[in-house]
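A.B. asks: This is the structure I have questions about; it appears just below.
The values are calculated or read from the model by the stated rules, or taken from the named source; none is laboratory data. Treat the numbers as computed from the prediction; the structure is a model and nothing was measured. Here the Cβ is made from the backbone with ideal geometry for all residues, glycine too, and neighbour counts use every protein chain on show. Heavy atoms of the whole protein, side chains included, go into the accessibility calculation; ligands, DNA and RNA do not. Shrake-Rupley method; radii C 1.70, N 1.55, O 1.52, S 1.80 Å.
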Amino acid sequence: DTGVSQDPRHKITKRGQNVTFRCDPISEHNRLYWYRQTLGQGPEFLTYFQNEAQLEKSRLLSDRFSAERPKGSFSTLEIQRTEQGDSAMYLCASSPGQDGYEQYFGPGTRLTVT
Amino acid sequence: AQSVSQHNHHVILSEAASLELGCNYSYGGTVNLFWYVQYPGQHLQLLLKYFSGDPLVKGIKGFEAEFIKSKFSFNLRKPSVQWSDTAEYFCAVKPSGGYQKVTFGIGTKLQVIP
């Protein structure tokens, strides 16, 4: 499979619990992005990695959110002490390191916080 | 910071009707522009993109878009829609050159009636 994969596809958790999502980008892509999408909205940028370096974080990303890409391959997004407002679709995308390429999106992880 | 405005949030058309979805962006410099589509139950995929050159770009499935710099617009068109075009369409903008984050519009839900 040559697409972006995300795991899990769905996650239901109780408020206050921690959750972690994984993204595997297309293998030759060194840029990786996380977005959040809620109903009726377009994807909102959360953070960006070039290889293992996290180069930009949105102000949407509170202190409860942390993302890593330890070896410049897969990435994880962790949400600590989840709140109901965290319920959303979390999207991962990747792109090559050169300009002139679009982002390729994964299927997303749908988080429901009860 | 850049922003994107999509004028039509929900469009209903009969098969064979012509489609035009409006997209305007706000940014003072050179941009890259995208239309992404999300079919029901599927992940976001690129429909077409503009990076430079001919402002009329053609994408998959008979879609095209025209970049009008003076109007800051990148409207999506299709002469004759099909039921299979039922989907949500997102316009997106990225300042060109190096890494820059992509900003998405709110999306337009298109429903095509057979």
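A.B. asks: Going by the structure shown, is A:Ser66 more than 14 Å from chain B (Cβ to nearest Cβ), buried (at least 22 other Cβ atoms within 10 Å of the Cβ) and in contact (Cβ under 8 Å) with a residue 12 or more places away in the chain?
C.D. replies: Working: more than 14 Å from chain B (Cβ to nearest Cβ): yes; buried (at least 22 other Cβ atoms within 10 Å of the Cβ): no; in contact (Cβ under 8 Å) with a residue 12 or more places away in the chain: yes.
Answer is no for this residue.
A.B. asks: Further question on the same structure: If you go through segment B:63-80 one residue at a time, do you hit one that is surrounded by fewer than 15 Cβ atoms within 10 Å (Cβ to Cβ), free of Cβ contacts under 8 Å to residues at least 12 places away in the same chain and away from chain A (no Cβ under 11 Å)? Spell out how you get there, then give the answer.
C.D. replies: Of segment B:63-80, the ones surrounded by fewer than 15 Cβ atoms within 10 Å (Cβ to Cβ) are B:68-71, B:77, B:79-80.
Those still in the list that are free of Cβ contacts under 8 Å to residues at least 12 places away in the same chain too: B:70.
Subsequent filtering for residues that are away from chain A (no Cβ under 11 Å) retains B:70.
Checked segment B:63-80: at least one residue is surrounded by fewer than 15 Cβ atoms within 10 Å (Cβ to Cβ), free of Cβ contacts under 8 Å to residues at least 12 places away in the same chain and away from chain A (no Cβ under 11 Å).
A.B. asks: Just one of A:Leu39, A:Leu46, A:Leu55 is surrounded by fewer than 15 Cβ atoms within 10 Å (Cβ to Cβ), within 14 Å of chain B (Cβ to nearest Cβ) and in contact with a Phe, Trp or Tyr (Cβ under 8 Å, 6 or more places away or on another chain); which is it? Before the answer, list the steps.
C.D. replies: On the way: A:Leu39 fails: in contact with a Phe, Trp or Tyr (Cβ under 8 Å, 6 or more places away or on another chain); A:Leu46 fails: surrounded by fewer than 15 Cβ atoms within 10 Å (Cβ to Cβ).
After applying the criteria, what remains is A:Leu55.
A.B. asks: Is it the case that segment A:73-90 has a residue that's within 11 Å of another protein chain (Cβ to nearest Cβ) and touching a residue at least 12 places away in the same chain (Cβ under 8 Å)? Give the steps one after another, and end with the answer.
C.D. replies: Of segment A:73-90, the ones within 11 Å of another protein chain (Cβ to nearest Cβ) are A:89.
Now narrow it down to the ones that are touching a residue at least 12 places away in the same chain (Cβ under 8 Å): A:89.
Scanning segment A:73-90 turns up at least one residue that is within 11 Å of another protein chain (Cβ to nearest Cβ) and touching a residue at least 12 places away in the same chain (Cβ under 8 Å).
A.B. asks: How many residues are within 16 Å of B:Glu64 (Cα to Cα) and touching a helix residue (DSSP H, G or I) at 6+ places or on another chain (Cβ under 8 Å) if we restrict to segment B:1-41?
C.D. replies: Residues meeting the conditions: 2.
A.B. asks: Find the residue count for segment B:1-59, including only residues that are assigned to a strand (DSSP E or B), more than 12 Å from every other protein chain (Cβ to nearest Cβ) and either in contact (Cβ under 8 Å) with a residue 12 or more places away in the chain or among the basic types (Lys, Arg) (or both).
C.D. replies: Of the residues in segment B:1-59, 12 are assigned to a strand (DSSP E or B), more than 12 Å from every other protein chain (Cβ to nearest Cβ) and either in contact (Cβ under 8 Å) with a residue 12 or more places away in the chain or among the basic types (Lys, Arg) (or both).
A.B. asks: Moving on. Conditions: (1) open to solvent by 80 Å² or more (accessible area, probe 1.4 Å); (2) over 14 Å from the mean Cα position of the chain (by Cα); (3) within 12 Å of chain B (Cβ to nearest Cβ). A:Glu28 meets all but one. Number of the miss?
C.D. replies: Condition not satisfied by A:Glu28: (3).
A.B. asks: Another one. Scan (1) in contact with an Asp or Glu (Cβ under 7 Å, 6 or more places away or on another chain); (2) open to solvent by 20 Å² or more (accessible area, probe 1.4 Å) for the single condition B:Phe34 breaks and write down its number.
C.D. replies: For B:Phe34, the failing item is (2).
A.B. asks: Against the definition (under 10 Å from the mean Cα position of the chain (by Cα) and open to solvent by 30 Å² or more (accessible area, probe 1.4 Å)), how does A:Glu78 come out, yes or no?
C.D. replies: Details: under 10 Å from the mean Cα position of the chain (by Cα): yes; open to solvent by 30 Å² or more (accessible area, probe 1.4 Å): yes.
Against the criterion (under 10 Å from the mean Cα position of the chain (by Cα) and open to solvent by 30 Å² or more (accessible area, probe 1.4 Å)), A:Glu78 qualifies.
A.B. asks: Within segment B:81-101, track down each residue that is open to solvent by 50 Å² or more (accessible area, probe 1.4 Å) and touching a residue at least 60 places away in the same chain (Cβ under 8 Å).
C.D. replies: Correct list: B:Gln82, B:Trp83.
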